[in-house]
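The block underneath contains the structure these notes are about, expressed in structure tokens.
The values are calculated or read from the model by the stated rules, or taken from the named source; none is laboratory data. Here the structure is a predicted model, which is why all the values come from computation and not from measurement. Backbone-built Cβ (ideal geometry, glycine too); neighbour counts: all protein chains shown. The accessibility values were calculated without ligands, DNA or RNA, using every heavy atom of the protein model including side chains. Shrake-Rupley method; radii C 1.70, N 1.55, O 1.52, S 1.80 Å.
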Amino acid sequence: MVANMQHRNLFRRLRLLSLSALKPEPRKPTPSRLLITHAQLASQPRPQLPFLSTPLARNHQFRYLTTQRKRWLVYEVYLGFKYTAYLWAIIGCSVIAYWSVQQEWLERKYPTPHEWKFMTRLRFRMAKWGPDRPDWIETDWVVIGNFVKNVIERLEDQNIEGAGLQELTEGGIWIDGIGKSGYDVTAKSEPWRRGYYEALMLAAQTAEQLDDHVVDTTRHLVFPATMVIGPSNPNPKPIPFGAETAPLEENCERAFDEPETFYMRILTTRGFSSRQKMDAALAYASWLDFKAIPGAAARMYDWALSLASENVLPTELPYDQQSYVLRDDASAPSTNILTALTAVAVHKARNDDIPTALPILLSVLRARRSLPEPQTKTVASPVSIIPPSPSQSPWTLDNIIGTVKRLAAPPAYPPAPSDGLSPPSRDARERCEEAALNLYIGEIIFANKGREDGLAWTREAVDLAEEQLHRPGLADPEAKKTCRECLSSGLENWAKMVARLAHEEREREAQQATAGAGAGTSWFGLWGEGRPEEAVPGRWAAEENVVKERTRRAQEVLEELEVPSTPVSSVFHA
């Protein structure tokens, strides 16, 4: 066993010797590698012991918010608030200035009585502007109704605008199915009464537009009655895309009062003129015609005619009370009587009473053509007084002072219009009324198979209205409005009449061409008998082109072009 251990030690030593003999000798480092080796050894940190190391004075804390930086930040914040305040002040002043200029423009275009309070005048201006607003795609009668209803409530409130209003009887008069009657406004001034009348008429017009609308009491939204979901409307119309959901019938009520509420309030108010009451009666009668209630409409037309004849004795009436035709031996009728008789004739024509309507219109037309010409006002000035020649420069002292006065002073309320109790003169507006009568007569004759005669009356109406619009001295806005309406209606009627005649003419030509296609041709198509003739436009087809050209040329006087609003100014539209 000892021998074995000796052998093992011997083998172990021999293995170690063999391994050491096979191991390669290390190469000696070059001088460059010696330098790198010494540098690496030198770069190794020496071991540091806490009790042997010297503490270093290092402070790693910095002051980011110094006194100077703090002052700078405070100044920057102050500048930010300062310029922000300046910006909002400029924006606010610009909006106020634009709104003030807009209200001044509205006051000049839609004047309001100066004795009314600021809020009443503001809301009345906005209500009157509503039907003419260019920034509305469709007229929002709900907004107009809210404005004008608030104006009427303020005018009838004793604590706001209605100081001095009196009931017709103690406790007022209540009319079944209509409501409360009017007031006694004789103590008020003429501008106040006129403004109150205009507010009631605008409310009646709004009530006509909202007659078939309901309001959802749960959401306070207005919808057409045809969209209501309920047993009374089994097939409701669909809601437009993007609109609110359709209302339920049990949640709906009328969106606005009935039109007769406001018309009867005008007719029962003491203090309005005969012209104002007559206009209200005619408007109410026209509404009854539209609602297909001819009996009530006829009674209202009779009421309007009696209001127009208030200042005339029954024995001196210029018209026959049975046929409503003006007598040739009577005195010149007043403006109110001519207007009322024209409305009565139109009502009878709408209800197919042509034998009664046509003589009335012809008698009114004869009366208007026999009116006296307007007298030109000439003032004889003394020879010794020579008026100063107007200055060519706008920067004179008088011009500057006049401009400042016009801008600073509020616009004057327009004077009272004519009461219509006297005969009119044959001015531009009356000539356009003649043109309107020609339209009525032409339409009636054309509908009763007098095609060419009716067309001739219509042509004459268009020529007369266009002639008045091209007159250089036409400055009355009411006359311009009447002539434009007459010309527009005349061109429309003329185009429809000619289109119908041209259609009938083309049908006759087609029938003749079909009937004679084989009758007048030879067997072999010789001698040119079978050649198609060139199509020559007929008489009415040629006149149809004439009407189109006249309509195109008339657009210059029919449309008043306005300056388009820029995107910046459209933001400030009320």
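Results, tabulated for the structure shown:
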quantity	calculated
Which numbered condition Glu467 misses (of (1) open to solvent by 40 Å² or more (accessible area, probe 1.4 Å); (2) under 30 Å from Pro111 (Cβ atoms); (3) acidic (Asp, Glu); (4) part of a helix (DSSP H, G or I))	(2)
Arg265, sole failed condition from (1) in a helix (DSSP H, G or I); (2) surrounded by fewer than 22 Cβ atoms within 10 Å (Cβ to Cβ)	(2)
Residue check for Arg366: open to solvent by 70 Å² or more (accessible area, probe 1.4 Å), out of contact with any strand residue (DSSP E or B) (no Cβ under 9 Å at 6 or more places or on another chain) and at pLDDT 90 or above	no
So Arg459, is it closer than 30 Å to Arg350 by Cβ, modelled with pLDDT of 85 or more and in a helix (DSSP H, G or I)	yes
Residue list for the range 245-262, restricted to those being part of a helix (DSSP H, G or I), in contact (Cβ under 8 Å) with a residue 24 or more places away in the chain and either open to solvent by 30 Å² or more (accessible area, probe 1.4 Å) or not aromatic (Phe, Trp, Tyr) (or both)	Asn251, Pro259, Glu260, Thr261
Some residue of the range 288-297 being of a type outside the set (A, V, I, L, M, F, W, C), touching an Asp or Glu at 6+ places or on another chain (Cβ under 9 Å) and open to solvent by 30 Å² or more (accessible area, probe 1.4 Å)	yes
Test for Trp527: is it modelled with pLDDT under 80 and in a helix (DSSP H, G or I)	yes
Near pairs, Cβ below 7 angstrom, 6+ apart or cross-chain, from the range 222-240 (under 16 Å from Val142 (Cβ atoms) and in contact (Cβ under 8 Å) with a residue 40 or more places away in the chain) to any residue that is open to solvent by less than 80 Å² (accessible area, probe 1.4 Å) and assigned to a strand (DSSP E or B)	Val222/His213; Val222/Val215
The one condition in (1) closer than 30 Å to Tyr183 by Cα; (2) touching a His at 6+ places or on another chain (Cβ under 9 Å) that Val222 fails to fulfil	(1)
Test: residue in the range 81-89 that is assigned to a helix (DSSP H, G or I) and within 28 Å of the chain's Cα centre (by Cα)	no
Pair list, Cβ < 8 Å and 6+ apart or interchain, from the range 446-468 residues that are more than 16 Å from Val557 (Cα to Cα) and hydroxyl-bearing (Ser, Thr, Tyr) to residues that are open to solvent by less than 60 Å² (accessible area, probe 1.4 Å) and in a helix (DSSP H, G or I)	Thr458/Asn438; Thr458/Leu439; Thr458/Gly442; Thr458/Phe446; Thr458/Gly490; Thr458/Asn493; Thr458/Trp494; Thr458/Met497
One residue from Tyr86, Tyr98, Tyr75, Tyr64 being open to solvent by 60 Å² or more (accessible area, probe 1.4 Å) and touching a residue at least 12 places away in the same chain (Cβ under 8 Å)	Tyr98
Inter-residue pairs, beta-carbon under 7 Å, first open to solvent by 40 Å² or more (accessible area, probe 1.4 Å) and in the range 411-437, second assigned to a loop (DSSP other than H, G, I, E, B) and of a type in the set (Ser, Thr, Tyr), 6+ apart	Asp419/Ser273; Leu421/Ser334; Ser422/Ser334; Pro423/Ser334
Residues of the range 344-361 that turn out to be in contact with a helix residue (DSSP H, G or I) (Cβ under 7 Å, 6 or more places away or on another chain) and open to solvent by 20 Å² or more (accessible area, probe 1.4 Å), as a count	8
Residue that is farthest from Leu365 (Cα to Cα), among those in the range 423-433 that are charged (D, E, K, R) and under 30 Å from the mean Cα position of the chain (by Cα)	Arg429
Within the range 274-360, helices (runs of 4 or more DSSP H) holding 3 or more residues that are in contact with a His (Cβ under 9 Å, 6 or more places away or on another chain)	274-290, 294-308
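Residues are listed down the side, and each one gets a yes or a no for (1) buried (at least 20 other Cβ atoms within 10 Å of the Cβ); (2) of a type outside the set (Phe, Trp, Tyr):
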| residue | (1), (2) |
| --- | --- |
| Met119 | no, yes |
| Ala127 | yes, yes |
| Trp136 | no, no |
| Trp141 | yes, no |
| Gly145 | yes, yes |
| Val148 | yes, yes |
| Glu153 | no, yes |
| Gln158 | no, yes |
| Gly164 | no, yes |
